[in-house]
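Reviewing the structure listed below.
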Amino acid sequence: MTLETTGATPSLTLTGIGHAYLGRTVLDAVDLSLAAGEVAALVGPSGCGKSTLAHIAAGVVEPSRGRVARRYRRHGMVFQDPRLLPWATARANIAYPLRLLGLPRRERRERAEEAARRVALDRADLDKYPIELSGGMRQRAAIARALAIDPDFVYFDEPFTALDVALKRRMQDLVIEAARGARFGALFITHDLMEAVRIAHRVVVMDAQGRGIAGTRAVPGEPGGRDDGTVYRLVAGFLSDDPLFRHIHDIDERRVP
Amino acid sequence: MTTGRAGAVLDRLGRVGQFLWSGWAGLAGLALFAALWQAGHERYGDFILPAPLATLAAGLTIAADPAAWELAGQTTLRAVEGFALAALAGAAGGLAAGYSPATMRLVRPILTVLLGVPPIAWIVLAMIWFGSTDGTIITTVLVAATPVVFVGVAEGAVTRDRGLDDMARAFGAGPLARLTTLGLRHVAAFLFPALTVALGSAFKVAVMAELLANTGGIGGALAAARSNLDVAEALAWVLIAVTGLIVVEYTLVHPIRSEFERWRDAARPWGVKR
């Protein structure tokens, strides 16, 4: 794998990805390419296979068909639920990927504390176990865990769905800030178009049946540079005028083929 | 980081103190048991049920005799050997079964058969195979204790959080790293209770096998007490066996387990821990 940093080289390329669970096709012929440093929001109705796609791209799930080409150095991942080790303190949880990388204890500690500072996780909370933390703090720890390894790409798999509106907003700002500061690219899975438009350079809409990408729309302006009015107008425009977003709010958990 | 270290030491001292303090509750329970025992003694008389204090005195007389220590040591050694073998076999098998559903399907019926055979039958078989030797006792203990450990570990391995496995995989953990950092840590929480039960049954089965196979040890002493109709001495030997078990459990098994379960305690409000 070559290390290229030119903006023209895509950091992540998915080619002809297909996947089936127990014989039922959930993804078919998905092609997607992300430019280096680009934050793309992947949206689609619930059950269309966006999470599976993110898991395939991150190497958690092996695809049945297709190729994943990762041209970034290292990725982090934030899941919908925090997925913290219940028996380890917040500090040890944030340092967990560093432990997998085999870093010495002292460096793990320092980098975990630095990552915690970036997501505004209080130092006093670092010695607590996940069970003692609130939902928001747990998700902060999960984000810090993804940032601790200094990634140049981060997968977000509907990370803020379970949080309340105010907290969600703060977490989104945190991600925008971190992405700008550390210049990482990201694939951000969400079913919330408002969130997608706030956070991303580009919105990618998945086909409702998981058969490929239905289309993509560049979002004008920079993430973090759009004020609330702009975000509302963009979302309203997408929903009312753009046929691409027609099925975005269809809810069909167990769709029949 | 000096404050952090001092804090950790204080924290540990606090937990040790809490553990010792919780001993009062255990003592209260034992005192209640002794009271019931005394009541039984007063109702049924000396021959059927000697008084707790008389038993204690008989136990102390036995404890003063070096030969008795040798007998107790013999039993302990056999029980611990069988227990260690059972822990190894059960843990390895349980882990394999928990991670591989095919192994689980193969092993489950075997386990049912093993558990279905009464321990007494194993003693008879082992006596035929090994004669009146340590082998008889150790085999019986092994057969009795392995399924307990196996089931506990397999249960732990099956209930591991696959979400955490996926998380580790997303951060580039291979199968071995996932096993050592997630799998074993989760299984440990199931392993320790299983080991406690297995250790208890190892002692009990060892004494029983000794009694039936007439191979010395505490069981042999109990057999002698029975033939002499010396109820106080028989009870004293039981007392000694139970004391040994309690000592091992509270100095070894419980401290290690509470170390693994610290995070669970963290969620409980103050005052209702343990």
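The values are calculated or read from the model by the stated rules, or taken from the named source; none is laboratory data. These numbers come from a predicted model, not from an experiment. Counting neighbours? That spans all protein chains shown, and the Cβs are built from the backbone with ideal geometry, glycine included. Surface accessibility is based on the protein's heavy atoms, side chains included, excluding ligands, DNA and RNA. Shrake-Rupley method; radii C 1.70, N 1.55, O 1.52, S 1.80 Å.
Structure notes:
- Residue match in region B:170-178 (condition: assigned to a helix (DSSP H, G or I), basic (Lys, Arg) and free of Cβ contacts under 8 Å to residues at least 12 places away in the same chain): no
- Scanning region A:55-62 for residues that are away from chain B (no Cβ under 14 Å), within 25 Å of B:Arg162 (Cβ to Cβ) and open to solvent by 40 Å² or more (accessible area, probe 1.4 Å) turns up nothing.
- For A:Gly215, the criteria (1) in contact with a Leu (Cβ under 7 Å, 6 or more places away or on another chain); (2) closer than 22 Å to A:Ile143 by Cα hold in every case but one, which is (2).
- Matching residues in region B:177-191 - criterion: being surrounded by fewer than 19 Cβ atoms within 10 Å (Cβ to Cβ) and either among the charged types (D, E, K, R) or more than 13 Å from chain A (Cβ to nearest Cβ) (or both): B:Arg185
- Tally, over region A:102-144, of residues that are in contact (Cβ under 8 Å) with a residue 24 or more places away in the chain, away from chain B (no Cβ under 13 Å) and in a loop (DSSP other than H, G, I, E, B): 3
- In the condition set (1) in a helix (DSSP H, G or I); (2) more than 23 Å from A:Leu32 (Cα to Cα); (3) at the interface with another protein chain (Cβ under 9 Å from one of its Cβ atoms); (4) touching a residue at least 40 places away in the same chain (Cβ under 8 Å), A:Arg99 is compliant with all but (4).
- Of the set (1) assigned by TED's automatic domain parsing to the domain that holds A:Leu174; (2) assigned to a loop (DSSP other than H, G, I, E, B), all apply to A:Arg67 but (2).
- Restricting A:Ala186, A:Ala162, A:Ala208 to those that are more than 13 Å from chain B (Cβ to nearest Cβ) and under 17 Å from A:Ala40 (Cα atoms) reduces the list to A:Ala186.
- Filtered by the rule that a residue be facing chain B (nearest Cβ under 8 Å), crowded, with 21+ Cβ neighbours inside 10 Å and in a loop (DSSP other than H, G, I, E, B), region A:73-84 gives A:Phe79, A:Arg83.
- Filtered residues of region B:78-112 (kept if open to solvent by 50 Å² or more (accessible area, probe 1.4 Å) and more than 23 Å from B:Ala213 (Cβ to Cβ)): B:Leu88, B:Ala92, B:Tyr99, B:Pro101, B:Ala102, B:Arg105, B:Leu106, B:Arg108, B:Pro109, B:Ile110, B:Thr112
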